[in-house]
Amino acid sequence: MLTKEQLQERAQLVRIHEANCQIEFPTPAEANFRIAIMKKIGAEFALRELRAAAIEGPVAATRQRGSVER
């Protein structure tokens with residue numbers, strides 16, 4: 001059974017991740033933070049899908065606002 005504090009920590013992680021995902025053009029630091037939060041969420045919830053997954057980081061460069069992908 002999880003304590004109230006543990007449940008609040010999990011909820012806070014999810015809210016942080018949701019807010020971070022709203023950043024359309026993240027800086028490398030923001031992208032690395034996103035990866036770290038995803039890893040923490042995966043560990044907290046013991047997600048079966050992520051056990052074999054390799055979430056890579058750190059991010060060196062990201063797409064900048066106004067750049068065009070082709």
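The values are calculated or read from the model by the stated rules, or taken from the named source; none is laboratory data. In this text the structure is predicted, and so the values were computed from the model without any measurement. Please note: Cβ atoms are built from the backbone with ideal geometry, for glycine as well, and neighbour counts cover all protein chains shown. Only protein heavy atoms, including side chains, enter the accessible area calculation; ligands, DNA and RNA are left aside. Shrake-Rupley method; radii C 1.70, N 1.55, O 1.52, S 1.80 Å.
Looking only at residues in the stretch 34-63 that are in a helix (DSSP H, G or I) and open to solvent by 80 Å² or more (accessible area, probe 1.4 Å), which one is modelled with the lowest pLDDT?
R51
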If you check every pair at least six apart or on different chains, which have Cβ atoms under 7 Å apart with a residue in the stretch 1-30 that is in contact (Cβ under 8 Å) with a residue 60 or more places away in the chain and on the phi > 0 side of the Ramachandran plot first and a residue that is open to solvent by 70 Å² or more (accessible area, probe 1.4 Å) and part of a loop (DSSP other than H, G, I, E, B) second? none
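When you scan the stretch 1-33, how many residues do you find that are in a helix (DSSP H, G or I), more than 20 Å from E56 (Cα to Cα) and not small (G, A, S)?
Count: 9.
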All positions within the stretch 22-33 that are out of contact with any helix residue (DSSP H, G or I) (no Cβ under 7 Å at 6 or more places or on another chain), open to solvent by 60 Å² or more (accessible area, probe 1.4 Å) and not polar (S, T, N, Q): E24, A29
